[in-house]
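> One structure, as structure tokens, below. Some questions next.
Nothing in this text is a laboratory measurement; each read-out follows from the coordinates by a stated rule. Being a predicted model, the structure only gives us computed values, none of them experimental. Cβ placement follows ideal geometry from the backbone for every residue including glycine, while neighbour counts extend to all protein chains displayed.
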Amino acid sequence: MPSRDDIFKAAKALCSDFASGKASNGLLANFTSSPSVYEHGNDRLAPYMGRAFTGKEEVGRYFDNIAELLEFSDVHFSDNDYVIDPESLKVAVRGRAKITWRENGQAWDESFMYLLGFATEDDAIKCNKYEVWADTGSAYLAANGKLEK
């Protein structure tokens, strides 16, 4: 069974890659061969919400989709914001960022939450489940040009 520190390192590597703006193919190196991603929210609010992305190809599409629609800046994760459960191989972490809806430039400051599940694959600890809770209302308003009203 992986140690708490090993799980923490794997979670930090994934979050660091996201924060640095790595493209989907770089992010996918942090995932097992059969991962899943789910961003909580209604799919009518944004196309990347409210549906499961299963398998590496679909997970890559999720990251491509959010990169196409959203610009992330000042993304950061504090070491104090990670909660690690080594028995279940899960990590909860809070992140912060400025997010801009690319089409119209509307932006908001966001705190978001990840629940990351991990598994050992090819002697490495990799993410197999990635769940996101974020400010769906701001994303919807920004997408419709109504955030700043």
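> Using a Cα distance threshold of under 21 Å, what count of lysine pairs results for the chain when pairs must be 8 or more residues apart or interchain?
21
> Sticking with this one: Given the DSSP H assignment, sum -39500 (n - 2.57) over each helix run of at least 4 residues in the chain and divide by its residue total; what's the result at 222 nm in deg cm²/dmol, nearest 500?
That comes out to -8500 deg cm²/dmol.
> What net charge is computed for the residues neighbouring R96, neighbours being all others with C-beta under 14 Å from the C-beta of R96, Lys and Arg scored +1, Asp and Glu -1?
Neighbourhood net charge equals -4.
> In terms of the ratio Rg/(2.2 N^0.38 Å) built on C-alpha atoms, what value belongs to segment 4-143?
Normalised by 2.2 N^0.38 Å, the Cα Rg of segment 4-143 equals 1.00.
> Something else about it: Taking only Cα atoms, what is the 0 to 90° angle, nearest 10, from helix 56-69's long axis to the longest principal axis of the chain?
Result, in degrees: 30.
> Give the angle, between 0 and 90 degrees and rounded to the nearest 10, that separates the Cα long axis of helix 4-19 from the longest principal axis of the Cα atoms of the chain.
30 degrees
> With a cut-off of at most 16 other beta carbons within 10 Å, and DSSP calling the residue loop, which GluC sites (Glu not before Pro) in segment 42-91 qualify? Please list them.
E87
> Give a residue-ordered list of calculated ³J(HN,Hα) values for segment 75-87 (Karplus: 6.51 cos²θ - 1.76 cosθ + 1.60, θ = phi - 60°; whole Hz; x for Gly, Pro).
Working through the residues one at a time gives 7, 8, 10, 8, 4, 6, 9, 9, 10, 10, 10, x, 6 Hz.
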